[in-house]
Structure formats: C-alpha cells, structure tokens
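First the structure, in the form of structure tokens, and then the observations on it.
What follows is calculated from the coordinates using simple rules that are stated; it is not laboratory data. All values derive from a computational prediction rather than experimental measurement. Using ideal geometry, Cβ is built from the backbone for each residue, glycine included, and neighbour counts are taken over all protein chains shown.
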Amino acid sequence: MSGSGKRSGRIGAVILSGLMFTLIYVFWTGATDPYDISIFTVLAFGTCAVFVRGGIFPRPGLKKIAYAAAYIPYMVVEIVKANLDVASRVIKPTIPLNPGIVAVDTKLTTPIGRTVLANSITLTPGTLSVEIKGSRLYIHWIDVQGHGGEEEAKMIVAGFEKYLEVIFG
C-alpha cells in the first residue's frame, strides 16, 4: 500500500473510531448539550488519532463494532451479577469467603486486548486483576473453589474473551 493509501486508511479509522466513541458516549450518558458533545468529540478524535497512528488501537470494522456494542451490555450484566454475589455474601451471618489468587491463560494476543480483559475483570466486584505476565493473568478472587479455581477462572475469562478476541485479537 502506498503512503497516501496508508494515510487515508488511518484517517478513515480515526474518523470511524471517533464517531463510534462519540455515539457510545451520547448513548451511555444521555448527553444532549451540543457543547458537551462537541468537546467529547474533539477529545475522542484526538485520542483515536494518537492510538491509530501508533498502531495500538485496532482498525474498526463492522464485526468489531458489533462485538464492541454487544460487549457493553454483557459487561453490565456481569457487573450486576458480581454485585449481587458480593451483596449476598455480606448479608449472610457468616461471610463465605475463600480468597486467593488464581492464574489463568488468555487467548488474547495483543497487549491492549489483555489490558482491557484485566480491567474488565477488575470492574466486576469480587475480583481484582493483580498482574499480567505474557498471556497469563493473575486474578485475586473472593471465592476460589476446587483446585485453585482454574476452571472457574477460565469460565470467567472465556465470557470476556469471546468479545475481546474479535475486537482486539
């Protein structure tokens, strides 16, 4: 691809990504003030320009956008489920805790994909991503069951990976 072809591809990726993030922002916050939306749009385009130029942010496509849009409700459901789990533990007479750190391997190949996975896990109450070493995540978990909780941890990671693998690789 020629230099101008690469440049136009990057510009298209910046525009599409910036618009996508602006739409998500408006939908998520319910923003209606044009000044507020315009400030966010400028910031979204600026951020996308930095990340797309550096090759960090994945190039958008319809499949990636669809998976990103589906990831948001999935993430909300997982956060609600984890909140209910932690709340039920708190109200029980004896708090059923079996904390520990489990190691789980991820299929994600990009650093940004692994980082988003770790942050997504941390956002769900009862879990905390402690470290990422290569393709392995170390997760502090409120209730480790069985032999170190590897199977349960794989189930938690698999739900997030299903989306993030398409979005980030």
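So the values come out like this:
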item	result
Derived scalar couplings ³J(HN,Hα) [segment 160-169; Karplus, 6.51 cos²θ - 1.76 cosθ + 1.60; whole Hz; x for Gly, Pro]	6, 4, 3, 8, 5, 5, 6, 6, 10, x
For the chain, built as a Gaussian network whose Cα springs stay under 10 Å, the top-fluctuating residue of Gly100, Gly30, Gly113	Gly30
Cα-Cα over 23 Å, subset of Lys81/Lys154; Lys133/Lys162; Lys63/Lys133	Lys63/Lys133
Residue of Thr22, Thr41, Thr32 that the Gaussian network model of the chain assigns the largest fluctuation, springs spanning Cα pairs under 10 Å	Thr32
Rounded to 5, percent antiparallel among DSSP beta bridges of the chain	90
Between 0 and 90°, nearest 10: helix 34-53 axis offset from the chain longest Cα axis	90
For segment 100-111, 3J(HN,Hα) per residue [Karplus equation, 6.51 cos²θ - 1.76 cosθ + 1.60, θ = phi - 60°, Hz, x = Gly/Pro]	x, 10, 10, 9, 9, 8, 10, 7, 5, 9, 9, x
For the chain, built as a Gaussian network whose Cα springs stay under 10 Å, the top-fluctuating residue of Phe27, Phe51, Phe40	Phe27
Compactness of the chain - radius of gyration and Dmax, Cα, Å	18.9, 68
Computed magnitude of the charge dipole of the chain (debye, nearest 20; Cβ of K, R +1, Cβ of D, E -1)	700
Value of [θ]222 nm, deg cm²/dmol, for the chain, DSSP H segments ≥ 4, -39500 (n - 2.57) each, nearest 500	-22500 deg cm²/dmol
